[in-house]
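S.K.: Have a look at this one before I ask anything.
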Amino acid sequence: MNPFPESDTDNCEKMVACFRDLKPEELTLISSGKTELTYLAGETLFKQGAFSTHVLLVMDGLVKVYLQAGRDKQLNLQLAKPGDFLAFASVFGETVHTTSAIALTDTQVCMIDKENMRQLLMNNAEFAMRITSRNFRNERQLLTVIGNITYKQMRGK
């Protein structure tokens, strides 16, 4: 992982649609606890069971999010693309990652302090609704994955 060049910093909160309508003081809150990083293809962004301290926002690239089930088994849950949040459960008290994530392409992420994100969600209902809607779409996708796996296993019996 490499820090972004200096010219690219302070842009993550302006480049994502859900941040565009925030007030200047809300943008300052998000900016105050963020770090922008670049991961090369194949690098691990976070590992299942590791401490979760930030919410990650994918700025550029493609990230595979998966559940490690045993030594050699992975359950692919999501292909995260620009604008997607990862490790959002940390905002709600999860202290460790429940999944792992790996960069499939060179990927730029914005790591946002989970406490700052929580404060923004508590103080801005419209922003909270946009994020809740986005998370609902992700949940619906996961339910589809679970349904497909269940159906696939039933057909083999």
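S.K.: Looking only at region 26-74, which residues are small (G, A, S) and within 19 Å of Q108 (Cα to Cα)?
M.R.: Scanning region 26-74 gives S31, S32, G33, A41, G42, S52, G61.
S.K.: Could we say that K114 is surrounded by 13 or more Cβ atoms within 10 Å (Cβ to Cβ) and touching a His at 6+ places or on another chain (Cβ under 7 Å) here?
M.R.: Here the answer is yes, as K114 does meet what is asked.
S.K.: Right, here's the next one. Assess whether R140 counts as being among the basic types (K, R) and touching a residue at least 40 places away in the same chain (Cβ under 8 Å).
M.R.: Answer is no for this residue.
S.K.: Any idea which of L29, L57 is at pLDDT below 95, in a strand (DSSP E or B) and surrounded by 14 or more Cβ atoms within 10 Å (Cβ to Cβ)? Reasoning before the result, please.
M.R.: Details: L29 fails: in a strand (DSSP E or B).
Criteria check complete, one pass: L57.
S.K.: With the structure loaded, tell me whether T107 is β-branched (V, I, T) and crowded, with 19+ Cβ neighbours inside 10 Å or whether it fails that test.
M.R.: Yes; evaluated as a whole, the condition is true for this residue.
S.K.: Restricting to region 32-54, name every residue that is more than 19 Å from E115 (Cα to Cα) and either in a helix (DSSP H, G or I) or among the charged types (D, E, K, R) (or both).
M.R.: E43, K47
S.K.: A follow-up question, please. Go through region 60-76 residue by residue and tally those that are among the aliphatic types (A, V, I, L, M) and surrounded by fewer than 19 Cβ atoms within 10 Å (Cβ to Cβ).
M.R.: Qualifying residue count, region 60-76: 4.
The values are calculated or read from the model by the stated rules, or taken from the named source; none is laboratory data. Remember, it's a predicted structure, so these values are computed and weren't measured experimentally. Cβ: placed from backbone, ideal geometry, glycine included. Neighbour counts: every protein chain shown.
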